[in-house]
1. Mind checking which pairs have a first residue in segment 49-72 that is under 17 Å from Ile29 (Cβ atoms) and a second that is modelled with pLDDT of 85 or more and assigned to a helix (DSSP H, G or I), Cβ under 6 Å, 6 or more apart or different chains?
2. Filter segment 24-68 down to the residues that are basic (Lys, Arg) and either in contact with a helix residue (DSSP H, G or I) (Cβ under 6 Å, 6 or more places away or on another chain) or modelled with pLDDT under 80 (or both) and list them by number.
Amino acid sequence: MIVDIEVRDAGAKGLGVFALRSFRRGEFIFRRRHGRIVPNASIASLSADEREHLCEIDFGRSAVFASSPSITASTLARERSARSSRAQDR
């Protein structure tokens with residue numbers, strides 16, 4: 001369970017990732033695993049799902065993330081509920 005960060009509404013920007021504690025400079029927060037690296041020149045040939053889960057690595061390459069990322073809306077809802085329950089238990 002992710003307890004150091006949460007995803008919540010960031011107003012007009014959509015969703016944002018917010019720290020729930022202080023982090024040291026350079027400290028690892030979380031990781032998303034990618035399925036494969038593709039040249040940016042081949043992005044047009046990717047499926048709509050692959051293009052939706054794409055992250056630029058550098059000027060020439062991008063990473064295609066798995067279509068079911070580790071942080072999903074249902075995961076976030078479960079984590080919020082668990083956090084709320086723990087707070088009520090205190």
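The values are calculated or read from the model by the stated rules, or taken from the named source; none is laboratory data. What you see is a predicted model, and the numbers here were worked out from it, not measured in a lab. Methodologically, a virtual Cβ is constructed for each residue, glycine included, from the backbone with ideal geometry; neighbour enumeration extends over all protein chains shown.
1. If the second residue must be modelled with pLDDT of 85 or more and assigned to a helix (DSSP H, G or I), no pairs are left.
2. Listed by number, the residues that qualify are Arg31, Arg32, Arg33.
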